[in-house]
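The values are calculated or read from the model by the stated rules, or taken from the named source; none is laboratory data. Just so you know, these numbers come straight off a predicted model, no measurement behind them. As a convention, Cβ positions derive from the backbone with ideal geometry for all residues, glycine included, and neighbour counts pool all protein chains shown. What goes into the accessible areas is simple: the full protein's heavy atoms, side chains included, and nothing from ligands, DNA or RNA. Shrake-Rupley method; radii C 1.70, N 1.55, O 1.52, S 1.80 Å.
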Amino acid sequence: MKRLIVLTLVCFGLLSGFNVQVAGAKITTESTKVSFTMTEQSTEFSMSDDNNWQYYPTELWYKFTIFNAEGCTLKMTIYRITLSGWEFPRSVKEFTGNHFDFSATDRAEGDPYRNHSLVIEKNPGCGDVKIKGKYGIDHDEPDDYPF
């Protein structure tokens, strides 16, 4: 009886391993670190997707630490820029006050091989705000397996 149970388990183990398909993907990241004092009312960063020749799905993101912003509200907008220069907002978030440990974050879906921008605006009457962190683009690329 023990021999029958062991043989059944071995056969089941062998049969369950035959129809295994290999699936893989990798995420490549292009990012830029920034550390600056925002003295002007708004600032803009380019998020161009120049290295995505295969048009893989993309995600735009940022994560910042905000200092010296007591009573101040910052509006961060990720835009998609058309060839004619029109800007369409992909994501809009507002952050009030200080945000430590890169807690001012957002992720938005991007269009492959298209230009995007990140615009940071502060409310009138705010003083100099310090921002530190990074922003970038993630590409969801499949792995190439030789079969």
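Tally Lys and Arg at +1 and Asp and Glu at -1 over the other residues with C-beta under 15 Å from the C-beta of residue 106: what net charge comes out? Once all neighbours under 15 Å are counted, the net charge is +2.
In the chain, Cα pairs under 8 Å separated by at least six residues give a relative contact order of 40 percent. Across region 65-82, rounded Karplus estimates of 3J(HN,Hα) from the backbone phi angles (6.51 cos²θ - 1.76 cosθ + 1.60, θ = phi - 60°) give 10, 10, 10, 6, 10, 5, x, 10, 10, 10, 10, 10, 10, 9, 10, 9, 10, 7 Hz, Gly and Pro being marked x.
Quick one: if you take sqrt(5λ) for each eigenvalue of the C-alpha gyration tensor of the chain, what semi-axes come out, biggest first, whole angstrom?
Over the Cα atoms of the chain, the semi-axes work out to 47, 21, 11 Å.
Think of region 29-142 as having a plus end and a minus end, set by charges on the Cβ of Lys, Arg, Asp and Glu; of 85, 66, 119, 66 sits farthest toward the positive end of this dipole.
Counting only protein heavy atoms and a 1.4 Å probe, the chain has 67 square angstrom of accessible area per residue. Annotation for region 44-147: GluC sites (Glu not before Pro) lying in DSSP loop with at most 13 further Cβ atoms inside 10 Å of their Cβ are 70. How far, in degrees from 0 to 90, does helix 2-16 lean away from the longest principal axis of the Cα atoms of the chain, to the nearest 10? Once rounded, one gets 50 degrees. Listed by chain and number, the lysines whose alpha-carbon sits under 22 Å from that of residue 134, ignoring those within fewer than 8 places in the same chain, are 26, 33, 63, 75, 93, 122. Between residue 94 and residue 59, the modelled labels are 2.7 nm apart [label points 7 Å from Cα along Cα→Cβ]. Which value in Å does the Kirkwood hydrodynamic radius of region 52-113 take, with 1/r averaged over all unlike C-alpha pairs and then inverted? Kirkwood radius, region 52-113: 13.2 Å.
On region 29-86, 49 percent of the accessible area sits on carbon and sulfur atoms, based on a 1.4 Å probe. Using just the alpha carbons, could you tell me how many Å³ per residue the convex hull of region 87-147 encloses? Given the Cα convex hull of region 87-147, per-residue volume reads 131 Å³.
Taking amide H atoms as placed 1.01 Å from N in the peptide plane, the amide H of residue 69 lies under 5 Å from those of 98, each 5 or more residues away in sequence or on another chain.
Rounded to the nearest 500 deg cm²/dmol, what is the calculated helix-only ellipticity per residue at 222 nm for the chain, with -39500 (n - 2.57) per DSSP H run of length n ≥ 4?
Helix contribution divided over all residues of the chain: -3500 deg cm²/dmol.
Shown are 4, 74, whose ranking by accessible area with a 1.4 Å probe and every protein chain present, most to least, is 4, 74.
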